Amino acid sequence: MKKVLKTAILVGTLATLFVGTASIASASEEPHIIYRKGTQGSFEGPANWFTGKVHVEMIFPTNKDFPYSNGLVTFQPKARSNWHTHPIGQMLVVTKGVGYTQYWGGKRETIREGDAVWCSPTVKHWHGGSHNNTMTHMAITGTKDGVNAVWMEPVTDEQYNKE
């Protein structure tokens with residue numbers, strides 16, 4: 001028996017918080033669930049969480065057995081997330097292009113197709129496209145107590161440009 005649950009779904013770089021309604025079931029109720037392409041919604045990243053043009057396509061929502069959601073996030077050149085944290089972390093897998101990521105106090109790192117990035121719980125960080133390239137990543141983001149991201153201030157041009 002399926003239940004409808006309002007969920008806070010991280011979309012992107014990171015991610016973006018999108019409150020939607022998704023049909024979900026626990027593993028004990030449904031042994032096999034297929035989330036068809038395009039059924040979970042997509043949207044442009046909001047200006048209060050991103051700088052530049054960002055597109056987010058949701059892939060799957062959280063459920064009571066697996067507290068993670070997944071979004072495919074595409075950043076245009078120079079587009080990036082604001083600084084943010086995740087209560088139980090986030091895994092990014094770059095599927096196309098070249099981008100950047102940085103944690104607070106660390107140096108900006110270049111990430112490329114095939115790279116995976118673990119963003120540890122509560123560590124302030126950002127990610128986005130590089131100066132001249134788009135970057136698309138799959139963001140698998142954990143949710144704790146209904147929260148999957150805490151959004152903070154924008155990444156300044158000075159921070160973005162510093163190598």
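The values are calculated or read from the model by the stated rules, or taken from the named source; none is laboratory data. Bear in mind the structure is a predicted one, so any value in this text is a computation, not a measurement. Reconstructed Cβ throughout: ideal geometry from the backbone, glycine too, with neighbour counts over all protein chains shown.
Scanning segment 58-69 for any residue that is at pLDDT 95 or above, touching a Gly at 6+ places or on another chain (Cβ under 9 Å), more than 16 Å from Ile140 (Cα to Cα) and surrounded by fewer than 21 Cβ atoms within 10 Å (Cβ to Cβ) turns up nothing. Does Lys96 count as over 21 Å from Asn48 (Cβ atoms) and not in a strand (DSSP E or B)? No: the conditions fail for Lys96.
Assess whether Ile111 counts as being of a type outside the set (Phe, Trp, Tyr) and assigned to a loop (DSSP other than H, G, I, E, B). It is false that Ile111 is of a type outside the set (Phe, Trp, Tyr) and assigned to a loop (DSSP other than H, G, I, E, B). Applying the criterion of being surrounded by fewer than 18 Cβ atoms within 10 Å (Cβ to Cβ) and in contact with a strand residue (DSSP E or B) (Cβ under 7 Å, 6 or more places away or on another chain) to the residues of segment 38-47, the residue that is farthest from Gln76 (Cα to Cα) is Gly41. Annotation: of all residues in segment 74-90 being of a type in the set (S, T, N, Q) and part of a loop (DSSP other than H, G, I, E, B), the one that is farthest from Met152 (Cα to Cα) is Gln76.
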